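S.K.: There's a structure below that I have some questions on.
The values are calculated or read from the model by the stated rules, or taken from the named source; none is laboratory data. In this text the structure is predicted, and so the values were computed from the model without any measurement. Note: ideal-geometry Cβ built from the backbone for every residue, glycine included; neighbour counts use all protein chains shown. To get the accessible areas, we keep the full protein, side chains included, count just its heavy atoms, and leave off ligands, DNA and RNA. Shrake-Rupley method; radii C 1.70, N 1.55, O 1.52, S 1.80 Å.
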Amino acid sequence: VLSMAGVTGSAMPSPEATALLQAKGCGACHVIPGIEGAYGTAGPSLKGLNERKRIVGGVLENNPENLKAWLQNPKSIKSGTMMPNTGLTDDELEILIQYFDTI
């Protein structure tokens, strides 16, 4: 079991965020603080996401609306992306966006 206690800029995800990130397989492509086994390297690390000025390789300003648009339909933002559309609901998007604001 990994402990993020005392790690600056990282928060433990809610049980809902943990379940979503694991169910959608996000850790297969991303390093995600607080998620067991999330050490993927195909996509960028999500550590420090809340501190970035831009997301999606600099394509979008980092704000909740743009993050939501990206997570809802990545290929509509960047056609060649490897990021899949994971079919997140509005409620699921809100859970993840809240968590991403803490890491």
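S.K.: Is it the case that THR18 is under 17 Å from ILE103 (Cα atoms), modelled with pLDDT of 95 or more and β-branched (Val, Ile, Thr)?
M.R.: yes
S.K.: Identify all residues within the range 37-55 that are closer than 23 Å to ASP91 by Cβ and either free of Cβ contacts under 8 Å to residues at least 40 places away in the same chain or of a type in the set (A, V, I, L, M, F, W, C) (or both); write none if there are none.
M.R.: The answer is ALA38, LEU46, LEU49, ILE55.
S.K.: Here is a follow-up. Can you name the residue in the range 56-65 that is open to solvent by 40 Å² or more (accessible area, probe 1.4 Å) and not in a loop (DSSP other than H, G, I, E, B) and, of all such residues, is nearest to ILE95 (Cα to Cα)?
M.R.: Here the answer is PRO64.
S.K.: List pairs: first residue in the range 74-87 and in contact (Cβ under 8 Å) with a residue 40 or more places away in the chain, second residue in a loop (DSSP other than H, G, I, E, B) and loosely packed, with under 11 Cβ neighbours inside 10 Å anywhere in the structure, Cβ distance under 8 angstrom, at least six positions apart or on different chains.
M.R.: Note: pairs meeting the criteria are MET82/ALA42.
S.K.: Can you work out which of the residues in the range 44-55 that are in a loop (DSSP other than H, G, I, E, B) and over 10 Å from the mean Cα position of the chain (by Cα) is surrounded by the fewest Cβ atoms within 10 Å (Cβ to Cβ)?
M.R.: My answer is LYS53.
S.K.: Which pairs turn up if I take residues in the range 57-68 that are in contact (Cβ under 8 Å) with a residue 24 or more places away in the chain and look for partners that are in a loop (DSSP other than H, G, I, E, B) and open to solvent by 70 Å² or more (accessible area, probe 1.4 Å) with beta carbon separation below 6 Å, at least 6 apart in sequence or on another chain?
M.R.: Sorted first by the residue in the range 57-68, then by its partner, the list stays empty.
S.K.: Could I ask something else about it? Being farther than 17 Å from ILE97 by Cβ and surrounded by 15 or more Cβ atoms within 10 Å (Cβ to Cβ) is the filter here, so list the residues in the range 21-37 that pass it.
M.R.: Listed by number, the residues that qualify are GLN22, GLY27, CYS29, VAL31.
S.K.: What's the number of the only condition in (1) open to solvent by less than 40 Å² (accessible area, probe 1.4 Å); (2) among the aliphatic types (A, V, I, L, M); (3) touching a Lys or Arg at 6+ places or on another chain (Cβ under 9 Å) that MET83 fails to meet?
M.R.: Unmet condition: (1).
S.K.: Mind checking which pairs have a first residue in the range 89-101 that is surrounded by fewer than 18 Cβ atoms within 10 Å (Cβ to Cβ) and a second that is in a helix (DSSP H, G or I) and small (Gly, Ala, Ser), Cβ under 8 Å, 6 or more apart or different chains?
M.R.: GLN98/ALA17
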